[in-house]
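Inspection log for the structure reproduced underneath, given as structure tokens.
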Amino acid sequence: MSNNPKPQATPSQEAASAPKAVSSRESNSSLETALAPALEARKQAHLYRRRRTLSSAQGALVTVDGEQLVNFCSNDYLGLANHPSIVTAFKNAADHYGVGSGASHLVSGHSLEHHALEDELAVFMGRDRALLFSTGYMANLGTINALVGKGDAVFEDKLNHASLLDGGLLSGARFQRFLHNDLADLDKKLARSDGDRKLVVVDGVFSMDGDLAPLPELSELAQKHNAWLMMDDAHGFGCLGASGSGSAEHFALSQQQLPIVMGTLGKGAGSFGAFVAGSEVLIETLVQQARPYIYTTAMPPAVAAATRASLQVIQEEAWRREHLQQLIQQFRTGATQLGLQLMPSPTAIQPVVFGDAATTLTVSELLRAQGFWVGAIRPPTVPQGTSRLRITLSAAHSAGQVAGLLAALEGVVKSLPELTPTS
Ligand SMILES: *Cc1c(COP(=O)(O)O)cnc(C)c1O
């Protein structure tokens, strides 16, 4: 970073050289004139997004804008966001530590709760060390940017999460996307690369499709080309693997085979934040160099304490993963009987593709009228022409609620035969 002071105009110089008589009201209206057309275009294309307001805790049943709905669009896959022992841990820690952490980790914000959570995450993940980040978005930006830069090359699956793509684009490394889960395409691109360092980055469970990355094959390919493999397990952590530690456990991949694992704590774990797990040298490099780690306030200690309680529940209440698997099977069997086109997803994320954004919105509104809340996912979150319902199942759901959703879907699809989905 350069410390060169930029020559600054004094207020009187600015006043003398500024164009005359631009009132603040006029400059605001020019801001609005510049911005408004893009908003209008989004509305016309059925891509405008609106926030709905919850006045209840997260769970299978939520109150949204005053209406009670069965919630099939959260990432609270294990139903832990409002789990009593996790809430109690949060309250007790708040009594002890207060609310704010007060500083970044490297200044004075690193508490015993953060430190203990990192140690527990490392053991749970079967890695040497783990490092907490305030969010998954920041973990991805920070990790990719600490590992590669100019002269290096980064290879990302086309369907990777936006935070991974942004991290790769920001890094200054040569950025290449390979076709979704296409090992031959990646092999070709790696072979042609002359990057000093090569980093391959994938989602473990793809967030909008629900399918898994072929991690064992990716690991071999990366080793063959002397590349490093990084896996974002936002949707696998808590859900996959016998003990719930995610995709690495599901495929039994060691630290040597899968050296960089990132996980988020705001989805399956029902809390907030994220971590990266790996070798001592990897983690110490992130502590020293990951800017989104260094230049941000540490998460509240009570959040870390709540996450520690969540790690316990994830390991002790294996029935949550089993129940979730049963609901996934129930949904897939029922939806197939209705003639709905499903995607090859073995996870809690069960998309139903309708293609066109307006149709997808209509279907989600018809479901809402029957008491079911399902997200309509449209571009740019998913590619053009692949708008979909993103149905997410949770261990908090009952079999009856899933049966209710299937019955409502049947009604909607029958009432609008032209909506019969295609994939
Ligand atoms: C949600 C998500 C993130 C971001 O995590 P946050 O903690 O919500 O910032 C990163 N990667 C993937 C694949 C995600 O789904």
For this session: Taking the options 266, 273, name whichever one is within 16 Å of the ligand (Cβ to nearest atom), more than 23 Å from residue 178 (Cβ to Cβ) and either surrounded by fewer than 19 Cβ atoms within 10 Å (Cβ to Cβ) or polar (S, T, N, Q) (or both).
Result: 266
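Taking only the stretch 158-213 into account, find how many residues are of a type outside the set (Ser, Thr, Tyr) and under 30 Å from residue 393 (Cβ atoms).
Residues of the stretch 158-213 that are of a type outside the set (Ser, Thr, Tyr), as a first pass: 158-162, 164-170, 172-192, 194-206, 208-213.
Checking which are under 30 Å from residue 393 (Cβ atoms) leaves us with 158-162, 164-167, 177-183, 200-206, 208-213.
Looking only at that region, the number is 29.
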For this session: Search the stretch 35-64 for residues that are open to solvent by less than 90 Å² (accessible area, probe 1.4 Å) and pair each with any residue that is of a type in the set (A, V, I, L, M, F, W, C) and assigned to a helix (DSSP H, G or I) when their beta-carbon atoms are under 8 Å apart and the residues are at least 6 apart or on different chains.
Result: 45/357; 46/357; 46/358; 46/361; 47/357; 48/39
Exercise. Which of the residues spanning the stretch 361-379 are touching a helix residue (DSSP H, G or I) at 6+ places or on another chain (Cβ under 9 Å) and touching a residue at least 60 places away in the same chain (Cβ under 8 Å)?
Worked result: 371, 372, 373, 374, 375, 377, 378, 379
For this session: Kindly list the number of the only condition in (1) free of Cβ contacts under 8 Å to residues at least 12 places away in the same chain; (2) over 30 Å from residue 326 (Cβ atoms); (3) of a type outside the set (Gly, Ala, Ser) that fails for residue 97.
Result: (1)
Seminar exercise, completed: Scanning the stretch 363-419 for residues that are surrounded by fewer than 18 Cβ atoms within 10 Å (Cβ to Cβ), over 25 Å from residue 269 (Cβ atoms) and of a type in the set (Gly, Ala, Ser) gives 369, 371, 385, 400, 403, 404, 407, 411, 415
Exercise. When you look at residue 249, is it open to solvent by 30 Å² or more (accessible area, probe 1.4 Å) and either touching a Ser or Thr at 6+ places or on another chain (Cβ under 7 Å) or within 13 Å of the ligand (Cβ to nearest atom) (or both), yes or no?
Worked result: yes
Problem set entry | Only one of 179, 106 that is within 28 Å of residue 344 (Cα to Cα) and either in contact (Cβ under 8 Å) with a residue 60 or more places away in the chain or assigned by TED's automatic domain parsing to the domain that holds residue 268 (or both) | 179
Exercise. What do you reckon, is residue 296 within 16 Å of the ligand (Cβ to nearest atom) and either out of contact with any Asp or Glu (no Cβ under 6 Å at 6 or more places or on another chain) or of a type in the set (Lys, Arg) (or both)?
Worked result: yes
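Looking at 362, 381, 392, which one is over 18 Å from residue 209 (Cα atoms) and hydroxyl-bearing (Ser, Thr, Tyr)? I'd like the intermediate steps shown before the answer.
On the way: 381 fails: over 18 Å from residue 209 (Cα atoms); 392 fails: over 18 Å from residue 209 (Cα atoms).
Matching residue, one of 362, 381, 392: 362.
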For this session: Report whether or not residue 154 is away from the ligand (no atom under 16 Å from the Cβ) and outside the structural domain of residue 380 (by TED's automatic domain parsing).
Result: no
Problem set entry | Scope the stretch 233-244; condition open to solvent by 10 Å² or more (accessible area, probe 1.4 Å) and away from the ligand (no atom under 16 Å from the Cβ); matching residues | 241, 242, 243
For this session: Please determine, by comparing only the residues of the stretch 278-291 that are open to solvent by 30 Å² or more (accessible area, probe 1.4 Å) and not polar (S, T, N, Q), which one is nearest to residue 141 (Cα to Cα).
Result: 291
Exercise. For residue 170, are the conditions met, namely being of a type outside the set (Phe, Trp, Tyr), within 16 Å of the ligand (Cβ to nearest atom) and either at pLDDT 95 or above or open to solvent by 40 Å² or more (accessible area, probe 1.4 Å) (or both)?
Worked result: yes
For this session: Give the number of residues within the stretch 303-325 that are buried (at least 23 other Cβ atoms within 10 Å of the Cβ) and either modelled with pLDDT under 95 or among the basic types (Lys, Arg) (or both).
Result: 1
Exercise. For the stretch 136-160, which residues satisfy the criterion of being more than 17 Å from residue 289 (Cα to Cα), of a type outside the set (D, E, K, R) and open to solvent by 40 Å² or more (accessible area, probe 1.4 Å)?
Worked result: 151, 159
Problem set entry | Within the stretch 52-163, helices (runs of 4 or more DSSP H) holding 1 or more residues that are under 24 Å from residue 377 (Cβ atoms) | 136-147
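Conditions (1) outside the structural domain of residue 250 (by TED's automatic domain parsing); (2) part of a helix (DSSP H, G or I); (3) among the small types (Gly, Ala, Ser), marked per residue:
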residue: 322; (1), (2), (3): yes, yes, no
residue: 326; (1), (2), (3): yes, yes, no
residue: 330; (1), (2), (3): yes, yes, no
residue: 335; (1), (2), (3): yes, yes, yes
residue: 339; (1), (2), (3): yes, no, yes
residue: 344; (1), (2), (3): yes, no, no
residue: 347; (1), (2), (3): yes, no, no
residue: 351; (1), (2), (3): yes, no, no
Problem set entry | Meets criteria (at positive phi, open to solvent by less than 10 Å² (accessible area, probe 1.4 Å) and away from the ligand (no atom under 13 Å from the Cβ)) for residue 210 | no
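The values are calculated or read from the model by the stated rules, or taken from the named source; none is laboratory data. Just so you know, these numbers come straight off a predicted model, no measurement behind them. Ideal geometry is used to build each Cβ from the backbone, glycine not excepted, and the neighbour counts take in all protein chains shown. Surface areas here come from the heavy atoms of the whole protein model, side chains and all, with no ligands, DNA or RNA. Shrake-Rupley method; radii C 1.70, N 1.55, O 1.52, S 1.80 Å.
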